[in-house]
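The next block holds one structure in the form of structure tokens; read it before the comments.
The values are calculated or read from the model by the stated rules, or taken from the named source; none is laboratory data. Given the structure is predicted, the values throughout are model-derived calculations rather than measurements. Cβ atoms come from the backbone with ideal geometry, glycine included; neighbour counts cover every protein chain shown. In case anyone asks, the SASA skips ligands and DNA or RNA and just uses the protein heavy atoms, side chains included. Shrake-Rupley method; radii C 1.70, N 1.55, O 1.52, S 1.80 Å.
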Amino acid sequence: MDKYVDKHLDKHLDKHLDKLVGMLALASMLALLVGGNAMAETFNFDNAAAGTSPDGWTLTMTGKGQPKWTVEAESTAPSKPNVLKQSGRATFPLAIKRDTSIRDGFVEVKFKAVAGSEDRAAGVIWRAKDADNYYVVRANALEDNVVLYKTANGVRTSLEIVGRRGGYGVSAPVSSGQWHLLRCDFAGSRFKVSYDGRQLFEVEDATIQDAGMIGLWTKADSVTLFDDLTYGGIK
């Protein structure tokens, strides 16, 4: 009887120990990102003239089409007066910030989905090597969900959520015409996604392990506004 009790007590303790180790690892990553070891910068597009393209960015796409990224005045901008607007059409329009190189850190942006009949999406990218290789997490106002993908050699693949088998992203209300906040914290092969200040899910993937650029993403005919792009790396 004692051996039976000891065996099941050990299993119970091991289960909770594994959970505690996971929580401590996540807490350590968050402490690094939130604390003084993360060098954060915010880009709000307010120093560029309306109707122009922001300096230091590669405005491009994955796939085909004609993306159109422009700085525009916007009365509802979280930090006035300007936003970055994508109003063209392409497979996946991209705006990549060239002077960034981050392996472990975070990227977040405020966005407003304005229009789009095929798609109405906004995303942030990280560890980008070029327009065909990067990670992206996006929110979609037509689907009301948030999904994390890898793009490798121009091919986009959704990634499974830690602790769940199958499925496609996580349902979340992505209302059009309103500002939202999308964020990803990334360290090693682990990525933590938050939306409007609430953690949604985690993904684990080791396809792209080197430092890379951060940036912004949309899809198809999405008309999307972006403001207050904030990013930082763990030092």
Taking the range 161-175 as the search range and keeping residues that are more than 15 Å from PHE111 (Cβ to Cβ) and at pLDDT 95 or above, which one is surrounded by the most Cβ atoms within 10 Å (Cβ to Cβ)? ILE161
When you scan the range 214-234, do you find a residue that is open to solvent by 10 Å² or more (accessible area, probe 1.4 Å), within 28 Å of SER79 (Cβ to Cβ) and either out of contact with any strand residue (DSSP E or B) (no Cβ under 7 Å at 6 or more places or on another chain) or assigned to a loop (DSSP other than H, G, I, E, B) (or both), even just one? yes
Hey, among the residues in the range 101-145 that are open to solvent by 10 Å² or more (accessible area, probe 1.4 Å) and among the polar types (S, T, N, Q), which one's nearest to ARG183 (Cα to Cα)? ASN145
Restricting the search to the range 117-150, which residues are over 19 Å from LYS192 (Cβ atoms) and either modelled with pLDDT under 95 or assigned to a strand (DSSP E or B) (or both)? ALA121, LYS129, ASP130, ASN133, ASN140
All positions within the range 199-213 that are open to solvent by 10 Å² or more (accessible area, probe 1.4 Å) and more than 18 Å from LEU159 (Cα to Cα): ASP210, ALA211, MET213
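Within the range 188-213, track down each residue that is in a strand (DSSP E or B) and farther than 17 Å from GLU160 by Cα. Full working, then the answer.
Keep residues of the range 188-213 that are in a strand (DSSP E or B), which gives 190-195, 198-204, 212-213.
Once the filter is applied, which keeps residues that are in a strand (DSSP E or B) and farther than 17 Å from GLU160 by Cα, the range 188-213 yields TYR195, ARG198, GLY212, MET213.
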How many residues does the range 75-96 contain that are closer than 18 Å to ASP228 by Cα, crowded, with 19+ Cβ neighbours inside 10 Å and not small (Gly, Ala, Ser)? 7
